[in-house]
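The values are calculated or read from the model by the stated rules, or taken from the named source; none is laboratory data. Since the model is a prediction, treat every value here as computed from it, not as a measurement. For neighbour counting, all protein chains shown are included, and Cβ atoms are generated from backbone atoms with ideal geometry for every residue, glycine included. Remember, those area values only see protein heavy atoms, side chains included, never the ligands or the DNA or RNA. Shrake-Rupley method; radii C 1.70, N 1.55, O 1.52, S 1.80 Å.
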Amino acid sequence: MTQDIAELLMYVAPEPIRQANERWLTRILERLGTQRRDTEGLSLLALWRSPNLLLTQTCGYPLMTQLRGKVRVLGRPRHELPDSSGGNHCSLLLGRADQLRRTLPAFRGSRCVINGEDSNSGMNLLRHRLAPLHRDGQFFSRVGISGSHRESLRWLREDQADLAAIDSVTFAYLARHAEAEVAGLRVIARSAFSPTLPYITAATATDKQAEALRQVMNETLRELPDVGEILGLHEVLPASESDYQIVLDYQLEAETLGFGRLR
């Protein structure tokens, strides 16, 4: 039996979400008759670029800035959740409910937290939304990096930051299964929409192999309706790199307005 890399690491919390993704992935591998290769010690980038990659999920921004031509896009999830529908999602720009600031311009000079500089939902969509509002290339007094959306939410709750952009799928999962993590926060604004996080495989996969894998993903999803319900996931839609050009368009729009980097 072959061994392949298969990991779904973009949405691993709260626990019901992690378990649902694990059940889905385990059943996919059973249907394909393959075993899961150990990935301990592999960085995300190394996992994404591995020639042994069968199935994983990445973010649209690194797909277009670090992985372009090095992986094969299989499809994108059609979540039907608040602020995520039809294969698209957005970022929710959040602040604490007890703050006096209620509009984005009011956050000029405040403290921002992002999950990472390579994140579409945490950085790129936020930069695009704020680009018309900057002054001399600056909007915040400070921009911190938390390492994850959940950690960014903790920074907000504990008054270590004033504004963060959180993937709408992540927010919906936490609001449903871990309400305390979003308690006391309010939506200040929403970003533009972009395609949901792509599923990818190794670049060497043929058209036929990629489509067959997407079909197995969908067939397995239909076999496990409770998994689809927990994930708010109705279908894996066809997708290609060209669908994600919009994230680079958003970057270019911000750069054209003189806001190439969040600061």
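Structure above, values below:
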{"item": "Which listed residue is open to solvent by less than 10 Å² (accessible area, probe 1.4 Å), in contact with a Lys or Arg (Cβ under 9 Å, 6 or more places away or on another chain) and hydrophobic (A, V, I, L, M, F, W, C), from LEU156, LEU126, LEU185", "result": "LEU156"}
{"item": "Every pair of residues 6+ apart whose Cβ atoms lie under 8 Å, when the first sits in the range 173-188 and is touching a residue at least 12 places away in the same chain (Cβ under 8 Å) while the second is among the hydroxyl-bearing types (Ser, Thr, Tyr)", "result": "TYR173/TYR11; ILE188/THR103"}
{"item": "Test for GLN209: is it open to solvent by 20 Å² or more (accessible area, probe 1.4 Å), within 14 Å of ARG111 (Cα to Cα) and either assigned to a helix (DSSP H, G or I) or not aliphatic (A, V, I, L, M) (or both)", "result": "no"}
{"item": "Test: residue in the range 162-179 that is assigned to a loop (DSSP other than H, G, I, E, B), at negative phi and open to solvent by 40 Å² or more (accessible area, probe 1.4 Å)", "result": "no"}
{"item": "Residues located in the range 212-229, provided they are open to solvent by 50 Å² or more (accessible area, probe 1.4 Å) and either in contact (Cβ under 8 Å) with a residue 12 or more places away in the chain or acidic (Asp, Glu) (or both)", "result": "GLU219, GLU223, ASP226, GLU229"}
{"item": "Residue pairs meeting the criteria (Cβ under 8 Å; at least 6 apart or on separate chains; first of a type in the set (Gly, Ala, Ser), in the range 9-34; second at pLDDT 95 or above and in a loop (DSSP other than H, G, I, E, B))", "result": "ALA13/ALA178"}
{"item": "Which listed residue is farther than 17 Å from ARG190 by Cβ and in a loop (DSSP other than H, G, I, E, B), from LEU67, LEU45", "result": "LEU67"}
{"item": "Condition broken by VAL236, with the remaining ones in (1) surrounded by fewer than 20 Cβ atoms within 10 Å (Cβ to Cβ); (2) part of a strand (DSSP E or B); (3) not polar (S, T, N, Q) satisfied", "result": "(1)"}
